[in-house]
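Below is one structure, written out as structure tokens, with a few remarks after it.
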Amino acid sequence: MKSYRQELEQKTVSIPQALDLIPDGALVVTGAGSMEPMTLLGQLHTIAPRINEVTLYGGGGRDPHPYLLDPAYRDKFFVQSNFYSPRQRTIHPEGRVSLIPLHLHASYDRYREVWQPDVIISASGPMDEHGYFNLSLEGWCLECMDTAKTVILEILDDAPRIGGQFYVHISEVTAVVPSGRKLSTVAETVPGPLETTIGEYIATLVEDGSTFQLGVGKIPDAAARALKDKKDLGVHSEMLCTSMKYLADIGALTNRKKTLHRGMMIGTFASGTREFYDWLDGNPTVFLLHPGYVNDPRVIAKNDKMVSINSCLEVDLTGQIASESIGTRQYAGSGGQNDFAEGAIHSKGGKSIIAMPSAGVDKEGRPFSKIKPILTPGAIVTMSRNNIDYIVTEYGIAPMKALTVRQRVDNLIAIAHPDFREELRREASRLMIW
């Protein structure tokens, strides 16, 4: 009987050999975040002479891959995405990438009802003695194992090993490519005075014993820092981030009071510093599970005192949240924001929070209010006004839960930047937003 080690040796190939396994016309699902197969994607353009078109779901973007950015390959590769990376925003005007609008909790189930991926390419940790690879920080692509005929893994020797569902056996893998590179990391953000103030306001809404979810950026990180004096916090979150290690280290995050997965920190992917990854490695209290489960609002709501903390691009005076487009221009995606907001409002004692700076500055250096009478024409409503409890800026907290539109207007103007409050009142009156 062949050993797992022998099978690994037989399936270990070079980068060109691995890329030769991608047929013309293939639909390729890629690993994302820190598990983006950057070595393989960095050479993907080399198959251009033998293909008409290859489509990628996910498609990377952490590195400036030629297939993604070089105009020479414009007609060879097309990208589908459910959340734009900065580089995908860059090629959007060229028509080479298009968003598939999906709630994250249903993203793979609904996707597979329409699409049948042929190939999976992801980064992974090395094989263990039982013949299993751990896709470490993010393994959503494994949701497509039932249709993919080819599975290619790019090995990162320093990837942390994390408990949960993101494992694949050598018998299910077509090819293994040693990468020779280090796992990419994300520097810890340093919140400024504005973000710190917003974080402190958020912390006043979070009770001891709450379970929380954080989004991405300086404001969620500042909120985590502001929770340092809380007791027995828990985590049930789409993303696990460096600030959660900080809270665990100082004893504020224990997961002891959770009503679902007590004692466990639950997420779908992790992103952070090298120190954070080392802390995750073999940590028996951390589990990464499929987003179809973690992000299901019905599952989220089983956590009592569930608090959803996210940010957005703009909000209108009735409480509609736009987080993924600037006018008609796609900027990000729905992600799991609405999943967690809906879960939180159905949780016993739960709270749905959106936080943002009150104002921004446009390309010409002109200030503008992020609280608007109406959303920028064409802006996508990421989160219904029905799913929001509190909106927070550096000027305070605007309660939304069960309040009339008139009350919401008054509360939002009160936390708008002072330079725009009078204009907002005039527009609210002119448009009869009451």
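Considering only beta bridges that DSSP places wholly inside the chain, some 25 percent are antiparallel. Sorting Y84, Y201 from the fewest to the most surrounding beta carbons within 10 angstrom yields Y201, Y84.
Ranked from highest to lowest mean number of other Cβ atoms within 10 Å per residue, what is the order of the peptides 114-120, 26-32? Mind showing how you got there, number by number?
Numbers: 114-120: 18.7, 26-32: 25.0.
Going from most to least packed, we get 26-32, 114-120.
What separates the Cα centres of the stretch 20-37 and the stretch 58-98 is a distance of 13 Å.
Taking the stretch 263-420, how many lysine pairs are there with alpha carbons less than 14 Å apart, if each pair must be eight or more places apart or span two chains?
Details: K302/K348; K302/K351; K305/K348; K305/K351; K351/K401.
Total qualifying Lys-Lys pairs in the stretch 263-420 comes to 5.
Pull out a ≥ b ≥ c, the square roots of the eigenvalues of the alpha-carbon gyration tensor of the stretch 4-178, then state rounded if a/c is under 1.5, prolate if not and a/b is larger than b/c, and oblate in the remaining case. The shape class here is prolate. For L375, L280, the sequence from fewest to most other C-beta atoms within 10 Å is L375, L280. Going Cα to Cα from K228, which aspartates and glutamates come in below 15 Å? Please leave out same-chain ones fewer than 8 positions away. Those aspartates and glutamates meeting the cut-off are E200, E207, D208, D249.
Sorting F287, F269, F340 by the number of Cβ atoms found within 10 Å of their own Cβ, with the fewest placed first, yields F287, F269, F340. In a simple Cβ point-charge model (Lys, Arg +1; Asp, Glu -1; nothing else charged), the chain has a dipole of about 980 debye relative to its Cα centre.
Of the residues G343, V216, F420, the one whose Cα sits farthest toward the positive end of the charge dipole of the stretch 193-430, with +1 on the Cβ of Lys and Arg and -1 on the Cβ of Asp and Glu, is G343. Once the Cβ-Cβ distance of K228 and Y132 is raised to the sixth power relative to R0 = 35 Å, the FRET efficiency obtained is 0.40. Tell me which label goes with the value of percent of Cα pairs over 36 Å apart computed from the coordinates here: [x] 29; [y] 35; [z] 22. Computed from these coordinates, percent of Cα pairs over 36 Å apart corresponds to label [x]. Averaging Cα coordinates gives a centre for the stretch 166-201 and one for the stretch 225-241; these two points are 18 Å apart.
Taken together, the values in this text are just the output of simple stated rules run on the coordinates, not laboratory data. What you are looking at is a predicted structure, and each value in this text was computed from that prediction instead of being measured. Cβ sites come from the backbone with ideal geometry, for glycine too, and all protein chains shown count toward neighbours.
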